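What follows is one structure encoded as C-alpha cells, with my remarks underneath.
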Amino acid sequence: MIIQLDQGSGGRAMHELIDDIFVSALQNPLLAERNDGAVFEIQGGRMAMTTDSFVVDPIFFPGGNIGSLAVHGTVNDLAMCGAKPLYITAGFILEEGLACSDLRIIVASMAKAAQEAGVQVIAGDTKVVPRGKADKLFINTTGVGIVPAGIDIGGRNARPGDLVFINGTIGDHGMAVLCKREGLAFENEIQSDAAALNGLVELMLDAYCGIHVLRDPTRGGVATTLNEIAEQSGVGIRLFEEALPVREDVLGACEVLGFDPLYVANEGKVLAVVPQKGADAVLAAMKSHPLGRASCLIGEIVSDDPGRVFLRTMIGGHRLVDMLRGEQLPRIC
C-alpha cells in the first residue's frame, strides 16, 4: 500500500488512514476525542492546542494567500474548542527559487491577520529544499489558547433536539481557489471566505455558554464535517435543503464543474450545534457580528439513523449525505 491523494481529502479515506496508522500507534485520551484541537488541564486552568499544515495551490488566491490562510485556519481550530487564541508558531518549508518578494507579501499578510485576530506569532522555523523538491512554499503552524471555565465543546456532545446553525454561505473558499488554479473566469470573481472566527465565537459563547459543538467545515465541506459529528456523537443529522445558503456564483461554478457545494471547502464558516433553549440567543449573537450577518438554521439533530446525515429535499424527500470518500479538490488549504 502507498499513500494516495484521496487520503488527504478530509474525507473517509483520510479518516481510515489516521485510524490505521496514527491513532493506533499514538493513542491517548486527548487524541481519541478527535476534535480540531486538544483541551487539557494545566496548573488549575485549561488550555487548547492545535496544529495544522498549509499546502494550498496557488499560494495567492482571491481573498487571501497561504500566509493569511495559515493564521486564520489555526485561530479557527482553537476557536472551535471554545478557546481564546493567544499564540501561534509557524514553520516554513521554502523551495529554492521562490521569489523573496512573494515571501515578504505572505509574511506581511500573516502579520496583519494575526494582529486582527489578536494573536502573536512567537516562534518559528525555516527550511529551504532544492528546486523541484517542494512546490514554492508550505507552512506548518501550532496554536495555543485558553479555554474559559464552564465551556465544554466537542464533537461528541451533539444531542437529539439540538439545532444546527452556520454563519453564512458555503463553498466560497474551495471555488475561489479552484477557479484561480484552473484559470476559470466567471462574470464575478469568486472570493475566498477565509477569516478568523474567534471574535464571532466569543460573542456566541457570551450569549450562551452551553453550545454543544463548534466545527469549521474546511476540507470535505459541510457534509463531511457533519458526518464526523454524527459519528462522534452517535446521532443522526437532518439538513434542510431550502435553508442551505449558497452564493449564486458559487452555485453556478459548482454546476459547471460538477461539484456539490456541500462538499466544497470553507475557511470562514462555523457550524454550531446548539440546544434549543440557547438557539435564539446564539443566532442573534451570530447575526450581530460582521462575519455572521447571513447566519441561519440549516438542520437539526435527531435520534434516528445514528452516525448518518440526511438532506430533506425541497420536494419533501430525503437523501443520504455521506462523508466524502475521495479527493474532490486537492490542496485547497
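The values are calculated or read from the model by the stated rules, or taken from the named source; none is laboratory data. In this text, all values refer to a predicted model and were calculated from it rather than measured experimentally. As a convention, Cβ positions derive from the backbone with ideal geometry for all residues, glycine included, and neighbour counts pool all protein chains shown. Areas reflect the complete protein model, heavy atoms only, side chains present, ligands, DNA and RNA absent. Shrake-Rupley method; radii C 1.70, N 1.55, O 1.52, S 1.80 Å.
A compact table of results
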{"read-out": "Residue within segment 83-95 that is modelled with pLDDT of 95 or more, closer than 30 Å to Val282 by Cα, outside any strand (DSSP E or B) and not β-branched (Val, Ile, Thr) present", "value": "yes"}
{"read-out": "Residue in segment 14-31 that is aromatic (Phe, Trp, Tyr) and either open to solvent by 50 Å² or more (accessible area, probe 1.4 Å) or in a helix (DSSP H, G or I) (or both) present", "value": "yes"}
{"read-out": "Some residue of segment 196-203 being within 15 Å of Ile298 (Cβ to Cβ), open to solvent by 20 Å² or more (accessible area, probe 1.4 Å), at pLDDT 95 or above and assigned to a loop (DSSP other than H, G, I, E, B)", "value": "no"}
{"read-out": "Some residue of segment 207-219 being surrounded by fewer than 17 Cβ atoms within 10 Å (Cβ to Cβ) and either over 27 Å from Gly317 (Cα atoms) or under 14 Å from the mean Cα position of the chain (by Cα) (or both)", "value": "yes"}
{"read-out": "Exclusive hit being in the same structural domain as Ile315 (by TED's automatic domain parsing) and open to solvent by 60 Å² or more (accessible area, probe 1.4 Å), set Glu267, Glu255", "value": "Glu255"}
{"read-out": "Any hit, segment 60-82, residues being at pLDDT 90 or above, open to solvent by 20 Å² or more (accessible area, probe 1.4 Å), in contact with a Pro (Cβ under 9 Å, 6 or more places away or on another chain) and closer than 27 Å to Val222 by Cα", "value": "no"}
{"read-out": "Residues of segment 37-59 classified as part of a loop (DSSP other than H, G, I, E, B), at pLDDT below 95 and either open to solvent by less than 40 Å² (accessible area, probe 1.4 Å) or of a type in the set (Ser, Thr, Tyr) (or both), total", "value": "1"}
